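Have a look at the structure below, then the notes.
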Amino acid sequence: MEGIRTTCETCEGRRFKDEVLEYTWQGKSITDVLDMTIREALDFFDKQEIRERLQAMDDVGLHYLTLGQPLSTLSGGECQRVKLAGELHKQGNLYVMDEPTTGLHLSDVGHLLAILNRLVDNGSTVIVIEHHLEIIRQADWIIDLGPEGGSRGGQVVFEGTPRQMLDAANSITARYVGA
């Protein structure tokens, strides 16, 4: 069963006592700050360390989340992007992503590609298990399994660059990558 949520009668959902809410910084109470979106917070804060973390969240396309938004309200894709935001400044790591485009709007796929390229540009290795053709076209190296799915698959039918894949006769994927 789903949990039951009720609004606190004392604080009216603001999560803090009135004594705490009396304190402000640059005219904003803690509730006001927690209600800001990532984009609004980028405009509000000027401390570099805070801005870098907010910018990473913005870079992964989460500019619309609020600072106080509970993690339980995020989708699986949003949770993955929160994790990615924490990784953008790191170098030399290995990332394995399973179908990262699942649930993404088509307009967000390009944004995801930019994030993946940024990780690679920082010296990391990114392995992506994916069916989305735009992701496949942008890969440095492709390993195509087939010739079909399930019990009719599981064999390496192609290994190489996207350009080389265009000439792969045994790959069903090759027919669509060039389209």
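The values are calculated or read from the model by the stated rules, or taken from the named source; none is laboratory data. None of the values given here were measured: they were computed from a predicted structure. All Cβ positions, glycine included, derive from the backbone under ideal geometry; neighbour counts span all protein chains shown.
Just a few scattered comments:
- Take the conditions (1) out of contact with any helix residue (DSSP H, G or I) (no Cβ under 8 Å at 6 or more places or on another chain); (2) under 23 Å from Leu62 (Cα atoms); (3) of a type in the set (Gly, Ala, Ser); (4) at pLDDT below 85; Gly149 misses just one of them, which is (2).
- A count restricted to the range 85-117 and to residues that are part of a helix (DSSP H, G or I) and under 26 Å from Thr31 (Cα atoms) stands at 1.
- Residue check for Leu84: at pLDDT 95 or above and under 30 Å from Arg5 (Cβ atoms): no
- Condition check for Ser124: surrounded by 15 or more Cβ atoms within 10 Å (Cβ to Cβ), closer than 30 Å to Gly76 by Cα, among the hydroxyl-bearing types (Ser, Thr, Tyr) and within 19 Å of the chain's Cα centre (by Cα): yes
- Only residues that are part of a strand (DSSP E or B) and more than 29 Å from the chain's Cα centre (by Cα) were counted in the range 142-152, giving 0.
Listed here are the residues, each with its yes/no results for (1) on the phi > 0 side of the Ramachandran plot; (2) touching a residue at least 24 places away in the same chain (Cβ under 8 Å); (3) surrounded by 12 or more Cβ atoms within 10 Å (Cβ to Cβ).
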site: Gly86; (1), (2), (3): no, yes, yes
site: Leu106; (1), (2), (3): no, no, no
site: Arg118; (1), (2), (3): no, yes, yes
site: Ile135; (1), (2), (3): no, yes, yes
site: Asp140; (1), (2), (3): no, no, no
site: Leu145; (1), (2), (3): no, no, yes
site: Gly149; (1), (2), (3): no, no, no
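- Scope the range 35-69; condition under 23 Å from Lys90 (Cα atoms) and of a type in the set (S, T, N, Q); matching residues: Gln48, Gln55
- Of the residues making up the range 57-84, those that are of a type in the set (Val, Ile, Thr), buried (at least 18 other Cβ atoms within 10 Å of the Cβ) and in a helix (DSSP H, G or I) number 0.
- Each residue in the range 153-170 was checked for being touching a residue at least 12 places away in the same chain (Cβ under 8 Å), closer than 13 Å to Ile136 by Cα and not in a strand (DSSP E or B), and 4 of them qualify.
- Any pair with Cβ under 8 angstrom, 6 or more apart, that starts in the range 33-55 at a residue that is without any contact (Cβ under 8 Å) to a residue 12 or more places away in the chain and under 22 Å from Arg14 (Cα atoms) and ends at one that is assigned to a helix (DSSP H, G or I) and not acidic (Asp, Glu): Phe45/Arg51; Phe45/Leu54
- Scanning the range 93-104 for residues that are of a type in the set (A, V, I, L, M, F, W, C) and surrounded by fewer than 15 Cβ atoms within 10 Å (Cβ to Cβ), we see that the one that is modelled with the lowest pLDDT is Val96.
- Search result, residues across the range 6-34 that are of a type in the set (Lys, Arg) and loosely packed, with under 13 Cβ neighbours inside 10 Å: Lys17
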